[in-house]
Amino acid sequence: PVTTPRPTATAAVVPVKPGMRFDDPWLRAVMLAPSLHTSMTVSSYGDPDYAELRSLMGKPIGSVVMAFAHEPYPGLASDRFSGGAVVFLATVTFRRTASLH
């Protein structure tokens, strides 16, 4: 019998260049850290760039109404259920006032 050569699968070889990222270091850290709260520490290098925070500094359209109290969860019991299954929280809508920019 005559055998014909089978095509072999070859992976494209990409040359390594400076600054190339092979994977996401944050994803690797999350997967390997035993606890995100106690094991991960972040350091910043250089001067901070606050330009990206500009979109977060805008006045909100509305907010959930909240207040401080001596009891953090008034009337909440874990041994029984009573009341409605869905409760709509009180909200407040802000009026337009003088702009700072």
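Read the figures in this text as sums done on the coordinates, not as results from a lab. Owing to the predicted nature of the structure, the values given are computational and were not obtained by experimental measurement. No Cβ is skipped: glycine too gets one built from the backbone with ideal geometry, and neighbour counts run over all protein chains shown.
Taking Cβ atoms as reference points and 14 Å as the exclusive limit, the residues near Ile61 contribute a net charge of +3, counting Lys and Arg as +1 and Asp and Glu as -1. Distance between the modelled labels on Val30 and His70, one decimal in nanometres: 4.2 nm (7 Å Cα→Cβ projection). Given their separation in residues at 0.36 nm each and the Cα-Cα distance between them, Leu53 and Met40 gain 2.4 nm when the chain is fully extended. Looking at the range 26-101, the trypsin sites (Lys or Arg not before Pro) that sit in a DSSP loop and have at most 10 other Cβ atoms within 10 Å of their own Cβ are Arg80, Arg95, Arg96.
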